[in-house]
Structures are given as C-alpha cells and as structure tokens.
1. Return the carbon/sulfur percentage of the accessible area of segment 68-143, one whole number, probe 1.4 Å, all protein chains in place.
2. For a test of the definition: using alpha carbon positions, the gyration tensor, and the 1.5 limit on a/c, classify segment 68-143 as rounded, prolate or oblate.
3. Could you list, bin by bin from short to long, the percent of Cα-Cα pairs of segment 70-109 in 10 Å steps?
4. How many nm is it between the label spots at SER35 and THR86, if each spot is 7 Å from the Cα in line with the beta carbon?
5. Working with all protein chains in place, sort PHE8, PHE105 by solvent-accessible area computed with a 1.4 Å probe, largest first.
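The values are calculated or read from the model by the stated rules, or taken from the named source; none is laboratory data. Computed from a prediction, not measured in an experiment: that's the story for all the values here. Using ideal geometry, Cβ is built from the backbone for each residue, glycine included, and neighbour counts are taken over all protein chains shown. SASA here: full protein model, heavy atoms, side chains in, ligands and nucleic acids out. Shrake-Rupley method; radii C 1.70, N 1.55, O 1.52, S 1.80 Å.
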Amino acid sequence: MVNESAPFQSPIEKRWLHLIGGVALTAVLLLVGYSLIAGPSSGEAPSTDSRAPGRASTSRPPSIAALSEPPDFSGTISASTPRALTIETQTGPRVVRIDGDTKVFVEDGTEGTREDLTRDTGVAVVAASTDGGRTYAASEIAVLPR
C-alpha cells in the first residue's frame, strides 16, 4: 500500500528546477519582446518603393500606383450599402465607410465611381480608423486587377 501522507520528492534538486524554469521564462519574455519590437507580421514585405506618389510603376498595378499613399489593407468586397463596404481581409472583415470625398481608382489607374465597387471585387484601401479598428473611413479605394 502507498503511503499517501508522505510529501512528493522530485528526483531533481530544487535549484535545478528553478534554473530550468527561469531559463524557459527568460526565453518566452525575449520572444515576446522581439515580436513587439519587430512589429506585427502581415505576411507582406515592407515596401522599398521610393518613387513619387502617383507615378506609375511596372511592379504594381496602375490602380494601386494611383493611390496617394500605400494602402492600409486589401481584400474582397463581400457586402455593400450606399455608405459602407464590408471588405474580407486576411485578418477578418473590415467595415469601410465611403462618402462623396472617397476617391475610387479602377484597374487602369483612372478615376472610377462608387458603382465600380461591387461584390467580389478585389480592392486596396487607404483609410483611417474612426473607432479603434472596428470601422474605417476610406479616403481612397483602388480596384485590383482580376
């Protein structure tokens, strides 16, 4: 019969357990610190394009080159109303408010209209968050080539 009143005795000395735990905790903290310093990973390499805004580039579609600044996110339109679009991005859906000041650029880089923003259309969006990231106010939207 096992004596249940005897305390558990580890075969490893307590100081070694403390050392191993400390090393593991330090490694986790270093990884967290590095990820905070390096920034979130979006799966895209940072742009090294130093050309002036609005000039055409052979490496980017003309509609994206027409944007005044790099897009904040891109995705596919899954729903639309007269004043908002729902964009399905890699990180989840984003609601984007649009108004009369929102510029739309079609595939060839020329200005388009609100009617060019239809369901299942790929878009890149320049927008500002108005409530901490739940909704955005779009200043420019570029229709991506199919």
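1. On the way: 1980 of 4150 Å².
Here carbon and sulfur together make up 48 percent of the probe-accessible area.
2. Numbers: a/c = 1.38, a/b = 1.28, b/c = 1.08.
Taking the square roots of the gyration eigenvalues as a ≥ b ≥ c, segment 68-143 is rounded.
3. Pair shares across the bins are 26, 57, 17.
4. 2.9 nm
5. Working: PHE8 175, PHE105 20 Å².
My answer, sorted largest first, is PHE8, PHE105.
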